[in-house]
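The values are calculated or read from the model by the stated rules, or taken from the named source; none is laboratory data. Everything numeric here is computed off the predicted structure, so don't read it as measured data. Methodologically, a virtual Cβ is constructed for each residue, glycine included, from the backbone with ideal geometry; neighbour enumeration extends over all protein chains shown. When the accessible area is computed, the model is the full protein with side chains, heavy atoms only, and any ligands, DNA or RNA have been set aside. Shrake-Rupley method; radii C 1.70, N 1.55, O 1.52, S 1.80 Å.
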Amino acid sequence: MTPPVDLAASHGAGASLAPRDAEPATHAAAHQPFRLARGGMVDRSRPLTFRFDGALLSGLAGDSLASALLANGVRLVGRSFKYHRPRGVLTAGSEEPNALVGLRRGARFEPNTRATVAELFEGLDAVSQHCWPSLGFDLGALNALLAPLIPAGFYYKTFMGPRGTGTGPWMFFERFIRRAAGLGRAPDAWPDPDAYDQRSIHVDVLVVGAGPAGLAAALAAGRAGARVLLADEQSALGGALLRDRATIDGRPADAWVAAAASELARMADVTVLPRTTVFGYYDHNFLSAVERVADHLPEPEPHRPRQRLWQIRAQQVVLATGAVERPIVFADNDRPGVMLASAARTYVNRYAVAPGCRAVVFGGHDDEYRTSAALAAAGITVAAVIDPRAAVGPGAAHARAGGSEILAGHVVTRALGGAGGVRAVEVTARAGGAPRRIDCDLVCMAGGWTPVVHLQSQSGPKPVWDQALAAFVPGAARQAERSAGAARGQIARSACLADGLAAGAAAAQAAGFGDGRAPTAPSVVESEDAPFEPIWHVPSRGGGKRFVDFQDDVTAEDVALAEREGFRSVEHLKRYTTLGMGTDQGKTANVNGLAIMAELRKLPIPGVGTTTFRPPYTPVTWGALAGREVGLHFNPIRRTAIHDWHVANGAPLQTAGLWLRPRWYVRRRNGRPETWQEASQREAVQVRNGVGICDVSTLGKIELQGPDVIELLNRVYCNGFSTLAVGKARYGLMLREDGLVLDDGTVARLAEDRIFLTTTTANAIKVMQHLEYYLQVVWPELRVQATSVTEQWTAIAVSGPQSRALLARLADADVGDASLPHMGVIHARVAGVPARIFRISFTGERAFEVNVPSDRGLHVWEALMAAGKDMDIMPYGLEAMGTMRIEKGHPAGAELDGRTTPDDLGMGRLVSTKKEFVGRRGLERPGLKDPARQKLVGLMPADRQSRLRGGMQVVADRKVGPPNETLGHTTSSAMSPTLGHPVALALVSGGLARRGERLWAVSPVTGMEVEVEVTAPCFVDPEGRRLHG
Amino acid sequence: MLLIACPWCGPRDQTEYTFVGDGTVRRPADSLGAGETEWLDWVFIRDNPRGPHKEIWQHASGCRRFLLVTRDTLTMRIERVESAVGAAVPGGRAQGAAA
């Protein structure tokens, strides 16, 4: 094969770094100096143009962004995170730590995408990261000059203030450091215009990875009749077969892959998902995968999502996730042009791109000879193969025949070069002696293989060390899964195929399909490898940085520093140096880091331990996780039957749990809309003086039926219910076992064996579950059924002195005091609709709650509004209701805060001493009887005009401190229309024993300081005269 | 995500269930007369075992039955799911699975 004529020339001239903006676009687009003339799986008939940092370049359909950049001679792709070192492409897969780029523009911009997995499309716009002002000239690279001053733990040490100052220095410097740090940048436009879908699927066998083992497993399981899902992160099936020119059953590997794909496509119960990464393995064989439906297109096709999240429940899982090659730690091993040997073969064989023109191959694994052969076959000069092993195996013969120098017993001690990439390597005999310089522009590292055990580790077990492979392999399965092929250390092609077939057949059998016998494995001709000798790192001869983790800029020296300073366990090492904590999760770094630490500690590698892998395997966009549950679909919305009327009549809405409730109804006043204060005060005044109606449908409603309903009430409420007569209602206060208030509401007896009770809006679900729990788990002997009827009933509070007169116009029964006294219940028709009328009051006025079936709710509401027109009837919202309940001192959410007892709320008298109930024993706790407990009081500003807010601290003296001992806090506040000045409820130590005292309500946050007078919590009609009569 | 086999509804995703609490505690029959330890054990004291554990879950988005689930906290394996009726009754034990 002949190399492109201008390959050496353009490379030597540093074409990769020339400012391409200056070149005519057409010229740049036509020019791919490093594209090989033949071969590859790219479509030469479909050239594509794309931009990198604004320069117009060209590639071919089938390219990755990385292969297209290399084809154009672009070797400098990004700057590193900490030192801003120039970086190129290290890998050809999803393990890439270096080549992180931003893709697309505007709201579709996506940072931190690995160029090695981004498929090229027409018009792709990519930008490099971590460089300012430009990739070639980066001011942040000054950090590299300061590198000796920025070791591991630098930030912890430098910005930890001296005793007494705490983190002050960090707080000051943080903003400067943050500006210079971070991976990528967030999109500067929004919202994301694309849709993301989610889908659930149940399968018999999930096969992860469609390399030789995964394809074989899917074939075996599919032939056995199982429902199979085969997912692979790449666009093409084949995995490692895409990289090397193997021969399977006498055919080229791609022909075998095509035959396998076509057989799978013919099986009705087999689903094949390319471009799909299984990123999480959770409990009970539940796995998540993201399918990149349209990432390879400029934008999604109409009505198609950008990505799709798959939620998979699999009976059996086969993990055929392959292995990633390890880099070797030597000085300046991060120069652009230093890459994994497997990556170099991928660029040559799959993408028909020469990653360089003069190569040095280095490693203790026979893959170095395979790499040397592949490069030579593509016309790339292999200057030397550096083999640390003393004895060279038969694999070397081919390389030697090809004219390459074989240096056994040697290591690469340093890569030489600059931002333009590697220009030479320094090679030294392990036995010692002077180093030798070998010119090259490509260094291939064959450091051995790390099985991808991430998903297996997520499924439960810790990986275990295999000394022969010098790698971590899957531990004993905790879930219904098995690994196959390279993922469990079976690196050889023939072993992968046989292992995959066996795993697929076994998985199918375990799921109930077939006899478990594996189909006959295809034949593969392979040479036997010489024993592998891992070379974890090459000691420095002085100068250069030896990178272990490229993405986090962690060097071998950082690992040594961590060891010296005592951060020796793998968990400490990781956190102190950030080894493996990048978006790549250290896929290429972790094992080397562990090995170096093990060597320093003189332990075997498994003695250092390994960290736990956690989802996601590769980064997943928020969009895919959120799916369609965005915007209005983020949560379900509950609307009452009268909702549309509220909106049409000017009500802004407030969320209460999932409910939307009207806050007030804005009218026009003096030619302008009312303020919220004007609206809510007007509504409250109307209720106090006339009549108003309020939609209280959101209260929780529960019906209890059965002969033991009264016994249940007596056990779950702290007050007594034995005397509750049919047709009567009673306030009920429910406690937790520990004696604190759980919820309150109204309990009405509709019949001997039938109870209707309400809960607060917020606690409806909790109270229902509380009742069900005691009925099923604790007191199964009680014959009671509980049913939630919240949504079946519309509830309308009719409140005010004229409420009875209004209701009398619409009810077909007597609603007078005799037949319907305070706390009475009757059945009647209201506006022709069968209704339950409860005479209960939250506002302190004479009031009724009219419950009608929800589908008639709006009708009754409108009938009430029409019938009360001459009474100036008004609807009132949450604000007016809250104002009136504060005036009355009724506790609500802010007072029922999970810390108050009935006595704290002034309701100690309610608590029955004649029965056992949930919370009674809890109330006996000494702490709940402390007279200094914070108890409910009312507060009025001493000047009768200063505003109060909820959440103010109540103190004896505003001038003390800090610290100033708090006596309590305000819980709710309102402008009292009845008193004409602000009032508040508060929980204050000692409670009403402080009645008449002057205290201060202060808010250090807002600077408010108000002198207040302690009063009873009920500000209006404490005798309750307005309720009766 | 756990897969819990409701005796009434069949195997369902964890998202249909609500975790309720420890399934080994018993409510004293006479809470006022119970000894201090007995009462504290019911309200406050919970074990955090490594291994098999009995827990109460409610099939909240399904049949709303309370279930006694024997789950291994280490392996997440669910060994048994049965009705939790009476599970907190002193001296009592859960009835068998769905009748």
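Check which residues have an amide H placed less than 5 Å from residue A:719's amide H, if you skip close sequence neighbours.
Those qualifying (amide H under 5 Å, at least 5 residues apart or on another chain) are A:733, A:912.
Against the longest principal axis of chain A, how steep is helix A:253-266, in degrees 0 to 90 to the nearest 10, with axes from Cα atoms?
30
Compute for chains B and A the buried accessible surface, both sides summed, probe 1.4 Å, and express it in Å² to the nearest 100. Please report the intermediate quantities before stating the final value.
Working: alone 6220 and 42370 Å², together 46000 Å².
For chain B against chain A, roughly 2600 Å² becomes buried.
In terms of modelled amide H atoms, which long-range or inter-chain residues lie less than 5 Å from the amide H of residue A:743?
A:734
Suppose a student asked you for the relative contact order of the stretch A:187-245, using Cα pairs under 8 Å spaced at least 6 residues apart; what percent would you report?
Numbers: 54 pairs, mean separation 21.2, N = 59.
Computed value for the stretch A:187-245: 36 percent relative contact order.
Suppose the Debye formula is applied to equal point scatterers at every Cα of the stretch B:1-93; what is log10 I(q)/I(0) at q = 0.11, 0.17 Å⁻¹?
-0.34, -0.74
Give me the percent relative contact order of the stretch A:894-1029, please, defined on Cα pairs under 8 angstrom at least 6 residues apart. Kindly include the intermediate steps, with their values, before the conclusion.
Numbers: 250 pairs, mean separation 36.0, N = 136.
The value is 27 percent.
Quick check: net charge around residue A:721, other residues with Cβ under 11 Å of its Cβ, Lys/Arg +1 and Asp/Glu -1?
Details: positive: A:715, A:728, A:730, A:749, A:915; negative: A:711.
Spelling it out: positives minus negatives among the neighbours equals +4.
When the helices in chain A are scored as -39500 (n - 2.57) per DSSP H run of 4 or longer and the sum is shared across all residues, what 222 nm value do you end up with, to the nearest 500 deg cm²/dmol? Don't jump to the answer; show the numbers that get you there.
Working: 26 runs with 226 residues, N = 1029.
Counting only the DSSP helices, I get -6000 deg cm²/dmol.
For the stretch A:854-1004, what is the convex hull volume of its Cα atoms per residue in Å³? Walk me through the intermediate numbers first.
Working: hull volume 27.2 nm³, N = 151.
Per-residue hull volume (Cα only) is 180 Å³.
Leaving out same-chain residues fewer than 8 places away, which lysines sit with a Cα under 21 Å from that of residue A:701?
Output for residue A:701: A:728, A:766.
Compute the Rg/Rh shape ratio of the stretch A:773-890: radius of gyration over Kirkwood radius, all on alpha-carbon atoms.
Working: Rg = 16.5 Å, Rh = 15.7 Å.
Expressed as Rg/Rh, it is 1.05.
Taking the convex hull of the alpha carbon atoms in the stretch A:189-297, what volume per residue do you get, in Å³? Each step should come with its number before you reach the end.
Values: hull volume 14.7 nm³, N = 109.
Considering the Cα atoms of the stretch A:189-297, their hull volume per residue is 135 Å³.
Measure nothing fancy, just the Cα-based angle from helix A:857-867's long axis to the longest principal axis of chain A, in degrees from 0 to 90, nearest 10.
40
Over the Cα atoms of the stretch A:745-801, what is the Rg over Rh ratio if Rh follows Kirkwood? Don't jump to the answer; show the numbers that get you there.
On the way: Rg = 13.5 Å, Rh = 13.1 Å.
Dividing the radius of gyration by the Kirkwood radius yields 1.03.
Mean projection of the alpha-carbon convex hull of the stretch A:334-396 over all orientations, in nm²? Intermediate values should be presented prior to the final figure.
Working: hull surface 16.7 nm².
Directional mean of the projected Cα hull area for the stretch A:334-396 stands at 4.2 nm².
On C-alpha positions alone, give me the angle between the axis of helix A:676-689 and the longest principal axis of chain A, in degrees, nearest 10.
Taking the Cα atoms of chain A, the angle to A:676-689 is about 30 degrees.
I'd like the carbon and sulfur percentage of the solvent accessible area for chain A, probe radius 1.4 Å, heavy atoms only, ligands and nucleic acids excluded.
Details: 22190 of 41000 Å².
Its accessible area is 54 percent carbon and sulfur atoms.
Cα-based Rg of the stretch A:658-715 per 2.2 N^0.38 Å, rounded to two decimals?
On the way: Rg = 19.1 Å, N = 58, 2.2 N^0.38 = 10.3 Å.
After normalising by residue count via 2.2 N^0.38 Å, the value is 1.86.
What are the radius of gyration and Dmax of the stretch A:942-1029, computed over its Cα atoms and given in Å?
13.8, 53
Could you name every residue in the stretch B:1-21 that has 30 Å² or more less accessible surface in the full protein assembly than in its own chain alone (probe 1.4 Å, ligands and nucleic acids excluded)?
B:1, B:3
Normalised radius of gyration for chain A, please: alpha carbon Rg relative to 2.2 N^0.38 Å, two decimal places. The partial results should precede the final answer.
Details: Rg = 37.6 Å, N = 1029, 2.2 N^0.38 = 30.7 Å.
So chain A has a normalised radius of gyration of 1.23.
Given C-alpha coordinates of the stretch A:26-125, what is the ratio Rg to Rh with the Kirkwood estimate of Rh? Provide the component values of the computation, followed by the final result.
Working: Rg = 13.1 Å, Rh = 13.8 Å.
Dividing the radius of gyration by the Kirkwood radius yields 0.95.
Using a 1.4 angstrom probe on protein heavy atoms only, which residues from the stretch A:898-934 are buried by at least 40 Å² of accessible area when all chains are present rather than their own chain alone?
By number: A:916, A:921.
May I ask you to give the percent of accessible area on chain B that is carbon plus sulfur, with a probe radius of 1.4 Å? Please list the in-between numbers first.
On the way: 2500 of 5000 Å².
Reported share for carbon and sulfur atoms: 50 percent.
In the neighborhood of residue A:315, defined by Cβ-to-Cβ distances under 12 Å, what is the net charge if each Lys or Arg adds +1 and each Asp or Glu adds -1?
Values: positive: A:227, A:313; negative: A:204, A:481.
Once positives and negatives cancel, what remains is 0.
Per residue, how big is the convex hull around the C-alpha atoms of the stretch A:527-684? Give it to me in cubic angstrom, could you? It would help to have the intermediate numbers written out before the result.
Working: hull volume 46.8 nm³, N = 158.
Enclosed volume per residue, from the Cα hull, is 296 Å³.
Output the direction-averaged projected area (hull surface divided by four) of the convex hull of the alpha-carbon atoms of the stretch A:584-665, in nm². Let's see the in-between values first.
Values: hull surface 37.6 nm².
If you wrap the Cα atoms of the stretch A:584-665 in a convex hull and average its projections, you get 9.4 nm².
May I ask you to list the aspartates and glutamates whose Cα is less than 15 Å away from that of residue A:602, ignoring any residue fewer than eight positions away on the same chain?
A:563
Could you tell me the relative contact order of the stretch B:1-49? Use alpha-carbon pairs under 8 Å, at least six residues apart, and round to a whole percent.
On the way: 27 pairs, mean separation 11.2, N = 49.
Relative contact order here is 23 percent.
So which residues of the stretch A:752-789 lose at least 30 Å² of accessible area, probe 1.4 Å, when you go from the chain by itself to every protein chain present?
Correct list: A:769, A:772, A:773, A:776, A:777, A:778, A:780.
So with the 1.4 Å probe, I'd like the accessible area per residue for the protein assembly as shown, rounded to whole Å². Before the final figure, lay out each step's value.
Working: 46000 Å² over 1128 residues.
Result: 41 Å² per residue.
Determine the sum of side-chain charges near residue A:124: Lys and Arg each +1, Asp and Glu each -1, restricted to other residues whose C-beta is under 12 angstrom from that of residue A:124. List each step's numbers first, then the result.
On the way: positive: A:51, A:104, A:105, A:108; negative: A:63, A:110, A:119, A:122, A:125, A:295, A:299.
Neighbour charge sum, excluding residue A:124 itself: -3.
Under 1.5 on a/c is rounded, so check that first for the stretch A:298-375, then, if it is not, pick prolate when a/b is larger than b/c and oblate when it is not; a ≥ b ≥ c are the square roots of the alpha carbon gyration tensor eigenvalues. Spell out each step's value before the answer.
On the way: a/c = 2.56, a/b = 1.73, b/c = 1.48.
Prolate, because a/c is 1.5 or more and a/b exceeds b/c.
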